[in-house]
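Visitor: Let me give you the structure first, and then I'll get to my questions.
The values are calculated or read from the model by the stated rules, or taken from the named source; none is laboratory data. Not measured: the values here are computed from a predicted model. Counting neighbours? That spans all protein chains shown, and the Cβs are built from the backbone with ideal geometry, glycine included. Accessible surface areas use protein heavy atoms only, side chains included; no ligands, DNA or RNA. Shrake-Rupley method; radii C 1.70, N 1.55, O 1.52, S 1.80 Å.
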There are 2 protein chains.
Amino acid sequence: MSHPRLSIRLDLASGERIGPGKIALLEAIRSTGSISAAARQIGMSYRRAWLLVEEINGSLQGPAVTAATGGRRGGGAVLTPIGKQIVEIYRAIESHADSSARAEFRAIQKLTRKRKMRPTS
Amino acid sequence: MSHPRLSIRLDLASGERIGPGKIALLEAIRSTGSISAAARQIGMSYRRAWLLVEEINGSLQGPAVTAATGGRRGGGAVLTPIGKQIVEIYRAIESHADSSARAEFRAIQKLTRKRKMRPTS
């Protein structure tokens, strides 16, 4: 990576937090169609993934993840419109933050020690 | 709070991370003049504060915190110029991120459940 990577955490009015872990889980559920496959994809235990989904659902006006019923993916899980919106909004905030901080990234890069054993390029 | 609160985390080139906990610790060291008083102020164990200081110092070109020698505060700790700069840069990134995300905050607020027992105002 050429500069510090930025990630964000939101403290919601409900008292819950949404950060990179929960968003990565929602994105993995969106792409895999199940909580267990999503957990495997991002290297998280199924139990932790399930608890995080409960937490996310409880912090919003409606659930972000629901059971997918019927069809080829019967038994799976899908993002609701609210779940999709949360992911989009989070990534938009992150992207704004990232592009508004170029000067600060350069400044912090000068103060940061390089990783050892990094090939000189 | 009237909208989601945002905090940021930076993943540095060194592999270390700087987030709200480390920055709050640096700010508390700056204001109290010692690691132990800073740890008390932010409700962190002295051991954890000390480990975090070691981690921060190891991730930068030079230490962010050093021993304050002599004078009224002999035995205390102070931020170095690098330490002060890290705090300033972090707070600047956070502030840019916060002000560039107003529309997203409003959108996320509409999707968020209100805290129970919150007084109506």
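Visitor: Can you name the chain B residue with its Cβ nearest the rotation axis from B to A, and give the distance in Å as a whole number?
Guide: In chain B, the Cβ lying nearest the symmetry axis toward A is B:97, 2.
Visitor: Which aspartates and glutamates, if any, have their Cα less than 17 Å from the Cα of residue A:110, not counting same-chain residues under 8 positions apart?
Guide: Partners within reach: B:11, B:16, B:88.
Visitor: Rounded to whole Å, give me the distance from the Cα center of region A:16-33 to that of region A:39-100.
Guide: The two parts, judged by their Cα centres, are 4 Å apart.
Visitor: Here is a further query. What net charge do the residues around residue A:53 carry, taking every other residue with its C-beta under 12 Å from that of residue A:53, with Lys and Arg at +1 and Asp and Glu at -1?
Guide: Working: positive: A:22, A:47, A:48; negative: A:54, A:55.
Net charge around residue A:53: +1.
Visitor: Within chain B, which is the longest segment containing none of the trypsin sites (Lys or Arg not before Pro) that sit in a DSSP loop and have at most 10 other Cβ atoms within 10 Å? Mind showing how you got there, number by number?
Guide: Numbers: sites that count: B:72, B:116.
The segment B:1-71 is the longest one with no such site.
Visitor: Sticking with this structure for a sec: Using Cα springs under 10 Å in a Gaussian network model of chain B, which residue among B:15, B:76, B:62 shows the largest mean-square fluctuation?
Guide: Highest fluctuation among the options: B:15.
Visitor: Springs between alpha-carbon pairs under 10 angstrom, Gaussian network model over chain A: which of A:111, A:26, A:60 fluctuates most?
Guide: Greatest mean-square fluctuation among the candidates belongs to A:111.
Visitor: Give me the lysines in straight-line cross-link reach of residue B:114: C-alpha distance below 24 Å, same-chain residues under 8 apart excluded.
Guide: Hits, sequence-local ones excluded: A:22, A:84.
Visitor: If you don't mind, another one. To one decimal in nm, how far is residue A:113 from the same spot in the other copies, if labels go 7 Å from Cα toward Cβ? Please give the shortest first.
Guide: The answer, with the shortest distance listed first, is 4.5 nm.
Visitor: Quickly estimate the mean residue ellipticity at 222 nm for the protein assembly as shown, helices only: each DSSP H run with n ≥ 4 gives -39500 (n - 2.57), and the total goes over all residues, rounded to 500. Walk me through the numbers before you get to the answer.
Guide: Values: 10 runs with 127 residues, N = 242.
Computed mean residue ellipticity for the protein assembly as shown: -16500 deg cm²/dmol.
Visitor: Enumerate the amide H contacts of residue B:112 below 5 Å, restricted to partners 5 or more residues apart or on another chain; note that Pro and chain-start residues carry no placed amide H.
Guide: A:61
Visitor: Among B:69, B:80, B:32, which one shows the highest mean-square fluctuation when chain B is modelled as a Gaussian network with alpha-carbon springs under 10 Å?
Guide: In the Gaussian network model the winner is B:69.
Visitor: Rounded, prolate or oblate: which one fits region B:10-111, using the alpha carbon gyration tensor with axes a ≥ b ≥ c (rounded when a/c is under 1.5, else prolate when a/b beats b/c, else oblate)? Let's see the in-between values first.
Guide: On the way: a/c = 2.28, a/b = 1.91, b/c = 1.19.
It comes out prolate by the Cα gyration axes.
Visitor: Give me the summed buried accessible area for the B-A pair, 1.4 Å probe, to the nearest 100 Å².
Guide: Numbers: alone 8330 and 8320 Å², together 13030 Å².
That pair of chains buries around 3600 Å² in total.
Visitor: What's the angle, to the nearest 10 degrees (0 to 90), between helix B:46-59's Cα axis and the longest principal axis of chain B?
Guide: 90 degrees
Visitor: While we're looking at this one, here's another question. Tell me the label-point distance for the pair residue B:80, residue A:45, using the 7 Å Cα-to-Cβ offset, in nm and rounded to one decimal.
Guide: 4.0 nm
Visitor: Turning to a different aspect of this structure: Taking a label point 7 Å out from Cα toward Cβ, give me the nm distances from residue A:5 to the same spot in the other copies, shortest first, one decimal.
Guide: Between copies, matching label points for residue A:5 lie 2.6 nm apart.
Visitor: In µm²/s, what is D for the protein assembly as shown at 10 °C and 1.306 mPa s, where D = kT/(6 pi eta Rh) by Stokes-Einstein and Rh is the Kirkwood radius from Cα pairs? Walk me through the numbers before you get to the answer.
Guide: Working: Rh = 20.0 Å.
It diffuses with D of about 79 µm²/s by this estimate.
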